[in-house]
Structure formats: structure tokens, C-alpha cells
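S.K.: Here it is, the structure, as C-alpha cells.
The values are calculated or read from the model by the stated rules, or taken from the named source; none is laboratory data. What you are looking at is a predicted structure, and each value in this text was computed from that prediction instead of being measured. Here the Cβ positions follow ideal geometry from the backbone for every residue, glycine too, while neighbour counts run over all protein chains shown. Quick note on the areas: whole protein, heavy atoms, side chains included, nothing else; ligands and nucleic acids left out. Shrake-Rupley method; radii C 1.70, N 1.55, O 1.52, S 1.80 Å.
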Amino acid sequence: MFLLWLFLFRLMLKSVLLQHDARMLSQVLPLMTERITQLYGIDSFQREIRTVLADQLLSFFKVHPQLLFDHMADIIDFLAALRNISRAGESFFSHMIWVVGEYSSPLHDTRFTVEVITKLHDVLESMAYEAISAFQASRSKPVASARLLCVLMTALSKIASRCQDLIPRVLLCLTKIVKQYAESQTDQDNRRLMVTRANELVHILKMPSVATTVMNTPIDVENRLLHVDPIASMGLVLQATSLSVGP
């Protein structure tokens, strides 16, 4: 019975998405962020529902990136509470961070001015420092996993690439995150993953013009509306990018 209900629930969300109705998506999104923290306390039920909602969250914003600005206040409130990592599930929470980093750009919505972008940066920065403080206080397992922190570091770096006055603050934040978790007793593979990602981002941000290009995919490229030239010197570009993110 539950599997049938889950199938119908997934089908309903896909139907909403296929209609490409921004108004309907705008009505559903607040319900997703609210109800996902109030699921009935059965592990298997929570896991399945969270997976469905996390997947659909990315699809909603891909179709209508403007939802980020329209619901910015609710999204900020959601991300400002680290307890929502466990209440909503890490995948949903990290997807929301990714959405902020990916779509808070005037390429997707001209309403994203420097002031608005800076406001979103401040939220993510506060989250990062709160995670560090919580870990220092508990001296135990980090409240945020290595995967979520990598998403967070990338989102901060993307935002800084659009507002270069933020680059020094992001570089400092990246350094503190890596220093704190590199000295922890967390899994060695996770530590290596975080250090590698942070070093890549630091190398990119130290070259602002490269960061702007590498971290902001043009909409035409996302939609595959691009011209492919077989004699273009793309190899040189890729080599330069590889060198810029190398350890």
C-alpha cells in the first residue's frame, strides 16, 4: 500500500513539474520545505519521502530558477537552522544549498543584485561558521558531513565569483573549514575529499577572472544552445582550467 502511495506521490509531483506552471510550483515549494521537517517518525517512510522531495527540488528550480528569489525569505529561514539537516534529511538540505549557489545569479534572474547576492552569502557563511562552532563544542562527529560541506564550500565560491568583494571572506571561510575538519577524527577519505575540494576552489578564486568563467555556466550552454567548432582550441582552455584547480 505504501509503495502505491509513494508511486502516486512521485507521479503527482512530476505532473506538477511537466505543466511548467510557475504559479503552481510557487505554491508547492513552501509546502515541501515545511512538511519535510514534519514527517511521521518511521525511518523507512522518512527516507523514501525525503528522497522524492530532494530529487524534485532540483527539478523545480531547473525549470523555474526565479523561484529562488520569489521564496528567498523562506529559503533563508530554512537554511539558517542547522537542525534542519537532520529534520529534512541531508540530501534535501544540501540540494537547497546547491540551488542557492547555482541560481543566485543575474544570468538566471536580473533581480539578483550585489546586495541580494551578498545577503545569501552571509547566510551560507554563518552556516559554515556555526557548523565549525558546533563541532568544536561537541568534539565529536561533525553536524555536517563532508559531502554537505563540499556543497557548501562550492556554493560560497560560486557566489563570490559573482561578487568579487566577497572573495577574501570566502577564502578565509574555506581555510577555517578545512583546518577544523582536517584535524578531526573523521574518516580519512572524507578529510581528503574536503581538502582537495577546498584547494581547487582556493586556486580558482585567487584568479577572479577564471572564477567568473569556470563557476558560472552560461544558460545557452546549460540548454545546449551552443555552437561546436571542431577546430577550436578547446584543449588549451581545458588545460588552463586543469592547471588552475590543481593541488
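S.K.: Within the stretch 45-60, can one find any residue that is in contact (Cβ under 8 Å) with a residue 24 or more places away in the chain, within 28 Å of Ala160 (Cβ to Cβ) and surrounded by fewer than 17 Cβ atoms within 10 Å (Cβ to Cβ)?
M.R.: Yes - at least one qualifying residue is present in the stretch 45-60.
S.K.: Just give me the residues in the stretch 158-182 being open to solvent by 50 Å² or more (accessible area, probe 1.4 Å) and within 20 Å of Glu115 (Cα to Cα), in sequence order. Can you show your working first?
M.R.: Step one: of the stretch 158-182, the residues open to solvent by 50 Å² or more (accessible area, probe 1.4 Å) are 164-165, 168-169, 172, 175-176, 179.
Residues satisfying the conditions are Gln164, Asp165, Pro168, Arg169.
S.K.: Just checking, which of Gln27, Gln38 is in a helix (DSSP H, G or I), of a type in the set (S, T, N, Q) and open to solvent by 70 Å² or more (accessible area, probe 1.4 Å)?
M.R.: Details: Gln38 fails: in a helix (DSSP H, G or I).
Of the residues listed, the single one that is in a helix (DSSP H, G or I), of a type in the set (S, T, N, Q) and open to solvent by 70 Å² or more (accessible area, probe 1.4 Å) is Gln27.
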